[in-house]
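Asks: Below is a structure I'd like to ask you about.
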Amino acid sequence: MTINPYESAKKQILNVYDFLKEKGVSWEFIEEYLYPDRVLQVNIPVKMDNWDVKVFTWYRSQHKSYRGPYKWGIRFHQDVTENEVKALSVWMSVKTWVVDLPLGGWKWWIIVNPKELSQRELEELSRWYVRAIYKYLWPDFDVPAPDVNTNPQIMSWMVDEYSKLVWKFTPGAFTGKPLSIWWSRWRNIATSLGGLYVLEEYFDLEKEEFQGKTVAIQGAGNAGLNFAKLIEKKGVKIVAISDSRGWIYDPDWLNIEKIEKLKQNKQSVTDLPWAEIISNDDILKLDVDILVLAALENQITSENVEDIKAKYILELANWPVSPEADEVLFEKGQVVIPDILANAWGVTVSYFEQVQGNMNYYWPESEVFERLSVIMKKSTKDVYNLAKELKIDFRKASYVISLERQYEAWKVRK
Ligand code: GLU
């Protein structure tokens, strides 16, 4: 069954309306909030290596910017629908306000499988897009960052093209750049580091033992692998990890260092010569304590939710659990740490990067970490306390916090 992600995003908002009403939030605001401000489609003709011209389509959705520039990631992926882009822009707005950043949400998505492009074609596509829409981008209005299949190199091409077009070196126009052109310290591992922090903080607040827990990780991309490396040092046992080709399982020990080397050589986890290799996606159904979802959307739905055994589910990817599955997991006493809190740390450090770029003054590693820690601690506690008070799951609590904050800004601006 295909689920329309935009409908899911709207449902998540409507699901918390009763709580928001109690807090004085008006329906007028909610109605406006259900729709993005604008959606743009751009078609880019790129000269390929064989001199043929191929047209690539981009979708871009700007959701809301009540208290700061639109912010989010550019994704390169072959499967895309306009509804998905709209949904991701809604989630971005919600996310930035759960952690109280002065930013709004948007999303770009280009229909392409980047693995099929040469480096030159990829560069041409990235630069072409900036040429096509640079008038809509500037550091105070709309600031892109990397997402699935985009990386610091792509951000460098884009910031370079942008700076040439506007005749001004503008590092604050894009985030997630390489350190040599003012990437913020910690940006590369911020999502994984923050996800782990929230999880540990949760165990702390519940006075539960973290050490000794078993972990399965779906997804061995940047977020999944960095998370594995960090959590490995905390005395837990990673027993399974997957990528798009399959997954490996070892009840005793998975050597993450070896897996990382393999991925750096563009191989799959299934190329490892040891451990059990399983090709379908049953990694989700493993009997582990902690399941980390670091792949794509829509993984746990009403169709497989009854088979999910993990007590704790951490969403490092965006929207891996559907609203219907959320309800069932909550009923069964399983805890979902939702994407809008668990993975809000990439954009938090992106915000730091943007601020530093605009000032042309850069903070040392310790200062970035200190600022990040303050936000992580406060946001996790805010969500935890509200969820306990209202007896709701952490996603709903995050929505209530975020939408109430956005409502306050909307009210004084409207
Ligand atoms: N694409 C990432 C996200 O979903 C990062 C966005 C950013 O750094 O602005 O949060």
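Asks: Let me spell it out: the conditions are (1) touching a helix residue (DSSP H, G or I) at 6+ places or on another chain (Cβ under 6 Å); (2) surrounded by fewer than 16 Cβ atoms within 10 Å (Cβ to Cβ); (3) not in a helix (DSSP H, G or I), and residue 149 meets all of them except one. Which number is the exception?
Replies: The one condition residue 149 does not meet is (2).
Asks: Just checking, does segment 145-153 include any residue being farther than 23 Å from residue 366 by Cα, within 16 Å of the ligand (Cβ to nearest atom) and hydroxyl-bearing (Ser, Thr, Tyr)?
Replies: The answer is yes, given that some residue of segment 145-153 is farther than 23 Å from residue 366 by Cα, within 16 Å of the ligand (Cβ to nearest atom) and hydroxyl-bearing (Ser, Thr, Tyr).
For (1) of a type in the set (S, T, N, Q); (2) open to solvent by less than 60 Å² (accessible area, probe 1.4 Å), each residue gets a yes or a no:
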{"site": "170", "(1), (2)": "yes, yes"}
{"site": "190", "(1), (2)": "no, yes"}
{"site": "209", "(1), (2)": "no, no"}
{"site": "215", "(1), (2)": "no, yes"}
{"site": "218", "(1), (2)": "yes, yes"}
{"site": "226", "(1), (2)": "yes, yes"}
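Asks: Same structure, new question: Is there a residue being in a helix (DSSP H, G or I), open to solvent by 50 Å² or more (accessible area, probe 1.4 Å), more than 16 Å from the ligand (Cβ to nearest atom) and under 28 Å from residue 159 (Cα atoms) anywhere in segment 380-390?
Replies: No, because not a single residue in segment 380-390 is in a helix (DSSP H, G or I), open to solvent by 50 Å² or more (accessible area, probe 1.4 Å), more than 16 Å from the ligand (Cβ to nearest atom) and under 28 Å from residue 159 (Cα atoms).
Asks: What about residue 130, is it within 15 Å of the ligand (Cβ to nearest atom) and either within 23 Å of residue 170 (Cβ to Cβ) or not polar (S, T, N, Q) (or both)?
Replies: No, not satisfied.
Asks: Is it true that residue 403 is under 17 Å from residue 20 (Cα atoms), modelled with pLDDT of 95 or more and open to solvent by less than 10 Å² (accessible area, probe 1.4 Å)?
Replies: Spelling it out, residue 403 is indeed under 17 Å from residue 20 (Cα atoms), modelled with pLDDT of 95 or more and open to solvent by less than 10 Å² (accessible area, probe 1.4 Å).
Asks: Here's another thing I want to ask about it. Hey, could you check segment 31-55 for residues that are buried (at least 18 other Cβ atoms within 10 Å of the Cβ) and farther than 17 Å from residue 88 by Cβ and say which is modelled with the lowest pLDDT?
Replies: 44
Asks: Return the total of residues in segment 233-270 being surrounded by fewer than 22 Cβ atoms within 10 Å (Cβ to Cβ) and assigned to a loop (DSSP other than H, G, I, E, B).
Replies: Going through segment 233-270 one residue at a time, the tally reaches 15.
One line per residue, one yes/no per condition, for (1) at pLDDT 90 or above; (2) among the polar types (S, T, N, Q):
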site	(1), (2)
95	yes, no
107	no, no
110	no, no
126	yes, yes
131	yes, no
144	yes, no
150	yes, yes
155	yes, no
166	yes, no
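Asks: When you go through 197, 162 one by one, which is the residue that is open to solvent by 30 Å² or more (accessible area, probe 1.4 Å), modelled with pLDDT of 90 or more and hydroxyl-bearing (Ser, Thr, Tyr)?
Replies: It is 197.
Asks: Which condition does residue 109 not pass, out of (1) part of a loop (DSSP other than H, G, I, E, B); (2) within 12 Å of the ligand (Cβ to nearest atom), if it passes all the others?
Replies: (1)
Asks: Which residue out of 194, 172 is touching a residue at least 12 places away in the same chain (Cβ under 8 Å), in a helix (DSSP H, G or I) and within 12 Å of the ligand (Cβ to nearest atom)?
Replies: Step by step, each of 194, 172 is checked, and only 194 is touching a residue at least 12 places away in the same chain (Cβ under 8 Å), in a helix (DSSP H, G or I) and within 12 Å of the ligand (Cβ to nearest atom).
The values are calculated or read from the model by the stated rules, or taken from the named source; none is laboratory data. Just so you know, these numbers come straight off a predicted model, no measurement behind them. Reconstructed Cβ throughout: ideal geometry from the backbone, glycine too, with neighbour counts over all protein chains shown. Protein only, heavy atoms only, side chains kept; ligands, DNA and RNA dropped before computing areas. Shrake-Rupley method; radii C 1.70, N 1.55, O 1.52, S 1.80 Å.
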